[in-house]
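Written out below as structure tokens is the structure these notes cover.
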2 protein chains.
Amino acid sequence: MATIGDVAKAAGVSRSTASYALSGKRSISPEVVSKVMAAVEALGYAPNAGARALATSQTMVLGLLVQFLQDEFAPAMLQYMLGVADVARELGYDILMVTEPDGARALKRITDQRMVDGVVLLNVADDDDRLPVLRAAPQPGALVGLPLDCTGLDVFDLDFAEAGRMMVDHLAGLGHREAVLVLQPEHVLVRGGGYVRRLRDAAVEQAAVRGLLLHVEHGESQQPAVGAHLVDLLDRYPQATGLLLHNEAAAAALPSVLNARGLQAPRDLSVVGRYSDEFARTFSLPYSSIESAPDRLGRLAVRQLVRRIEDPTSQEPYVVRLLQPELVDRGSTAAPQA
Amino acid sequence: MATIGDVAKAAGVSRSTASYALSGKRSISPEVVSKVMAAVEALGYAPNAGARALATSQTMVLGLLVQFLQDEFAPAMLQYMLGVADVARELGYDILMVTEPDGARALKRITDQRMVDGVVLLNVADDDDRLPVLRAAPQPGALVGLPLDCTGLDVFDLDFAEAGRMMVDHLAGLGHREAVLVLQPEHVLVRGGGYVRRLRDAAVEQAAVRGLLLHVEHGESQQPAVGAHLVDLLDRYPQATGLLLHNEAAAAALPSVLNARGLQAPRDLSVVGRYSDEFARTFSLPYSSIESAPDRLGRLAVRQLVRRIEDPTSQEPYVVRLLQPELVDRGSTAAPQA
DNA sequence: CCTAGTCTTCGAACCGGTTCGACGATCACA
DNA sequence: TGTGATCGTCGAACCGGTTCGAAGACTAGG
């Protein structure tokens, strides 16, 4: 494989001149530049990433830490990843994907060894054990998911509290007086999934304000338990005219459950979910939902991360950006029947 | 950040001695080894990946080339990726994930720049434009997906022809005389998705052998077209008692379609799919199916790839391994009603 | 007592880039 | 005609590891 030394020799110049001709960091005469370019072409030269990383202490690689936790919905994670990968490439970075269960150790490894210039953490929990490692690392990091303590980090997430309020307002505004809120499994909350708590608490509070009787339930995440649980809920709350779903698996399972009972939304039940449009299309879900915008979050996180990488001296304060949720109307809600 | 020079100084030895103490490639006295270890611990030393890559010409990173093509089912891809990532880490490798639409160029970039020690290609098409690049690269590669020309590469895939035969045999064996086979969209075949062709041709041939009247149809991949198409099929082939699905989106959409018509499997229709068990659980699909074992394929590919990386002189012949499909019985087939 | 061999350790070179300081040539200006 | 910039290029050092050859100390054997 050709090195820059070979290129220099072929062009009849020194290594440093070849380097400057390629980088443009010093002025080099046009003739020399074109001779160097010709040599590059002829030899098929490509700079060695390791050598360049050593010399510049930049790898042009971003770490992407994903965790595929039991009880969380894997396909949803993919959308964050794709957003991240997309915009990273646009900005000239490659992605080192790390899926190890022990995220803290993996993070320590890739930052200590200088494999990456920065890191994006997905699936951040309230009290995520990766955060102390990230704060101690010399590379900057960006989070997708809001932890309890955000100091020293750029954080991006959906405003789940606002999402909870929106769902409640939407149903209350249509005149509903009783509804059921199906959350992620309790598991997820206990493990530190703060987004579940934030949506729940805000929904409960807003329900009180609007005079909506709201039954809060933790759902399941795997079939057939998801379906059975939904059936059970329909039995237990026969008065409820609204259903709020903060649980992908439950949303995906709902059509069959309603079908089996001969129920239709919005005729018999108004339904509002919280999932991405992409998800809705994949599962052909006919329910209005609050868009969770995973790819947008991933993109924002990378953009901010790269800004920090490329201007390390910047005193720009750390951001905690909570995206304003939007309700996508798919016509699954209406005023309750008299 | 501490370098090996700092470690050496702290331990009172030369850099080379420190290196040998850590790698164990030459015998070093136990006292010196423990002094070096202590220094490593005290300084929090971790070797710089770039420097090590430069010196050893090994990056301990594998490239993973994924393509998220329109009309192909994205969540299915995730499972291949997870299998690959898992076993790579077990073997000490990290994963550089590349999702660029122009896979050939991306592959050239990461191999030319020596960012990876080897490459796994997912989603390989009949006449994949990444293959010439891979064959010309100095690093070995492994494919998941069978192209037309396998020379010089290790290839892993499900035996789709056998899968087609198995589906047909299963229904024919139960006494069915007429069935519909729903394939991936024609798009996928035209683009070079050989697995569609292989399954189809084998199914058609076996249907002739077994005297089964088989209607071959290309399905859709997005809602609501998928569902509409299934409805249309039920109308067009009222005599068919069997349904074969080689199309994830169609499988996912089928429950609602059957429900809406008041049909049940296997009472009214025998159904056999071709998707992974993981997929079946996620979508709570009650249909028997041929397991496509994506994570197993990913794991096999990485194991073989790493074997090649670690023994580059090996004359071991290239393998083309087609996994024997297995039918997972979920009770959705029965003898046709008289 | 001398020599050959073993065990540890060290110094130097190398991997392939980037970058700094210096140097010679050219040019404008006094 | 001498002086000071400016331009283009080169050599050398450096990034942080690994590895080879050699050298010194010590041991064993003749």
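The values are calculated or read from the model by the stated rules, or taken from the named source; none is laboratory data. Since the model is a prediction, treat every value here as computed from it, not as a measurement. In this analysis, Cβ positions are derived from the backbone assuming ideal geometry, glycine residues included, and neighbour counts consider all displayed protein chains. Just so you know, the surface numbers come from the protein's heavy atoms only, side chains and all, with ligands and any DNA or RNA stripped out. Shrake-Rupley method; radii C 1.70, N 1.55, O 1.52, S 1.80 Å.
Just a few scattered comments:
- Between segment B:95-138 and segment B:212-229, the Cα center-to-center distance that results, in Å: 33 Å
- In this structure, the amide hydrogen of residue A:141, modeled 1.01 Å from its nitrogen in the peptide plane, lies closer than 5 angstrom to those of A:119, A:154, counting only residues at least 5 positions away or on a different chain.
- The protein assembly as shown: antiparallel DSSP beta bridges as a percent of all, rounded to 5: 10 percent
- 222 nm mean residue ellipticity, helices alone, for chain B (DSSP H n ≥ 4; -39,500 (n - 2.57); rounded to 500): -14500 deg cm²/dmol
- Between copies, the label points at residue B:228 (set 7 angstrom from Cα along Cα-to-Cβ) are spaced 3.8 nm, reported in nanometres from shortest to longest.
- Point-charge dipole on Cβ atoms (K/R +1, D/E -1) for segment B:4-47, about Cα centre, debye to 20: 180 debye
- Heavy atoms of residue A:321: accessible area, 1.4 Å probe, square angstrom to 10: 100 Å²
- Ordering of A:226-232, A:278-284 by burial proxy (mean other Cβ atoms within 10 Å per residue, highest first): A:278-284, A:226-232
- Placing +1 on each Lys and Arg Cβ and -1 on each Asp and Glu Cβ, with no other charges, gives chain B a dipole about its Cα centre of roughly 960 debye.
- Peptide A:108-116 has a mean shielding of 5, counted as Cβ atoms of other protein chains within 10 Å of each residue's Cβ.
- Angle between chain B longest axis and helix B:194-210 axis [Cα atoms, degrees, rounded to 10]: 40 degrees
- Between helix B:160-174 and chain B: long-axis angle, C-alpha atoms, 0 to 90°, nearest 10: 40 degrees
- Sorted from shortest to longest, the distances between the residue B:334 label points of this copy and the other copies are 3.6 nm, with each point 7 Å from Cα along the line through the beta carbon.
- Extension gain for the segment residue B:267 to residue B:239, taken as residue separation times 0.36 nm less the Cα-Cα distance, is 8.7 nm to one decimal.
- Averaged over residues, the count of other Cβ atoms within 10 Å places the peptides B:69-81, A:263-275, B:14-26 in the sequence A:263-275, B:69-81, B:14-26, highest first.
- Across peptide B:49-58, the average count of Cβ atoms from other chains found within 10 Å of a residue's Cβ is 6.
- Extreme residue, positive dipole direction of segment B:1-142, given options B:12, B:76, B:104 (C-beta unit charges): B:12
- Solvent-accessible area buried by pairing A with B, both sides, nearest 100 square angstrom, 1.4 angstrom probe: 3800 Å²
- For segment A:160-292: relative contact order, % (alpha-carbon pairs under 8 angstrom, 6 or more apart): 27 percent
- A straight line joining the Cα centroids of segment A:259-338 and segment B:6-35 runs 55 Å.
- For the protein assembly as shown, a simple Cβ point-charge model (Lys and Arg +1, Asp and Glu -1, everything else neutral) yields a dipole of about 1640 debye relative to the Cα centre.
- Förster radius 41 Å - calculated FRET efficiency between residue A:74 and residue A:37 (Cβ-Cβ, nearest 0.05): 0.30
- Global geometry of segment B:210-338, whether rounded, prolate or oblate, following the gyration tensor of its Cα atoms and the 1.5 cut on a/c: prolate
- Counting charges near residue B:164 (Lys, Arg +1; Asp, Glu -1) among other residues having Cβ under 15 Å from its Cβ returns a value of -3.
- Take each residue in A:89-101, count the other chain C-beta atoms within 10 Å of its C-beta, and the mean is 5.
- Take A:188-196, A:207-215 and order them by the average number of nearby Cβ atoms within 10 Å per residue, most first; the result is A:188-196, A:207-215.
- Reachable lysines, given that their alpha-carbon falls under 28 Å from the alpha-carbon of residue A:9 and they are not under 8 places away in the same chain: A:25, A:35, B:108
- Inter-copy label distances at residue B:26, using a point 7 Å along Cα-to-Cβ, come to 3.7 nm with the shortest given first.
- DSSP bridge orientation in chain A - percent antiparallel, rounded to nearest 5: 10 percent
- Scattering from chain A was approximated by placing one identical point on each alpha carbon and applying the Debye formula without solvent; log10 I(q)/I(0) at 0.07, 0.11, 0.12, 0.13 1/Å stands at -0.40, -0.76, -0.86, -0.95.
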